[in-house]
1. I'd like the distance separating the alpha-carbon centroids of the stretch 207-244 and the stretch 121-168, in whole Å.
2. Please give me the summed charge of the neighbours of Tyr83: other residues whose Cβ is under 14 Å from its Cβ, Lys and Arg +1, Asp and Glu -1.
3. Please report, in debye to the nearest 20, how large the charge dipole of the stretch 53-197 is about its Cα centre when each Lys and Arg carries +1 at its beta carbon and each Asp and Glu carries -1 there.
4. With Cβ to Cβ distances under 14 Å as the rule, what net charge do the other residues near His136 carry (K, R +1; D, E -1)?
5. Straight-line reach from Lys138: which aspartates and glutamates have Cα under 12 Å away, leaving out those fewer than 8 places along the same chain?
6. Once you have a ≥ b ≥ c as the square roots of the Cα gyration tensor eigenvalues for the chain, tell me rounded if a/c is under 1.5, and otherwise prolate or oblate according to whether a/b is larger than b/c.
7. What list of ³J(HN,Hα) couplings, whole Hz, do you get for the stretch 56-66 from phi and the Karplus terms 6.51, -1.76, 1.60, once you set θ to phi - 60° and write x for glycine and proline?
8. Using the Cβ atoms and a cut-off under 10 Å, what net charge is assigned to the surroundings of Lys71, where Lys and Arg are +1 and Asp and Glu are -1?
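Where a number appears in this text, it was derived from the coordinates with a stated rule and is not lab data. What you see is a predicted model; the values in this text were computed from it and never measured. Cβ atoms come from the backbone with ideal geometry, glycine included; neighbour counts cover every protein chain shown.
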Amino acid sequence: MSGHSKWATTKHKKAIVDAKRGKMFAKLVKNVEVAARMGGGDVTGNPTLYDAIQKAKKSSVPNDNIDRAVKRGSGAETGGADYQTIMYEGYGPSGVAMLIECLTDNKNRAAMEVRTAMSRNGGSLADPGSVSFLFHRKGVVVVAKEQDGRLVGEDDLLEVTLDAGAEDVNDLGEAYEVVSEATDLVGVRTALQAAGIDYDSAEAQFVPDMQVSLDKDGAEKMFRLVDVLEDLDDVQNLYANFDVPDVVMAELDATED
């Protein structure tokens, strides 16, 4: 989920240990398989596959699962599904703009499940092009602040990545988000590696140009819709233009506790 970044970071950590772990593994493996199909199974010539594999490894997906996904995608092993990428556009609670990216081998099933999830949880699908103009495709690299006992500073990241195309560094709490043009993603990631700075993920994402600030009620409804959509097997990525102020996040955390 890419909306409020601190929420995305928290959610990512929870996903590692919660009951959806198997579902998350399946989506990461599917990502690897599709990347191998699109650009071949050699990571040296397929940076998208390289990044998909790294993200899967960071999330503790077993190497055997990753290797089999590469083989299925590249055709070295049979059994791969014919996945298609479909982007649905819509609105969530409080008028939040949403892009719902699916990887599916059954377009009718994906459309029905997404439509049902939206309509039952305060959202609605919109016509193609009516929402997507609010987003731009960017390269996003997430870097943990603490690395092997040392702290990485914002200035350190800018110094390392600015010449490689970094446009912005956002503070996510326990991590940073380095934003660039999508075409500069590999350059930024490579610059970090050359400087000995580890990263959690590097991928092209749809980043909103403006954000809708949510109150507690709106945030609860939005998170409920996000949970339902992310639970769908066909939904691969969600992008939304909402922001949850820190004070509201604190209220939500207190409610959960």
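1. 16 Å
2. 0
3. In total the dipole reaches around 840 debye.
4. In short, -3.
5. Here the aspartates and glutamates satisfying the reach criterion relative to Lys138 are Glu167, Asp168, Glu177, Glu181, Asp184, Glu203, Asp209.
6. oblate
7. 5, 5, 4, 8, 6, 5, x, 4, 4, 5, 5
8. Result for the local shell: -1.
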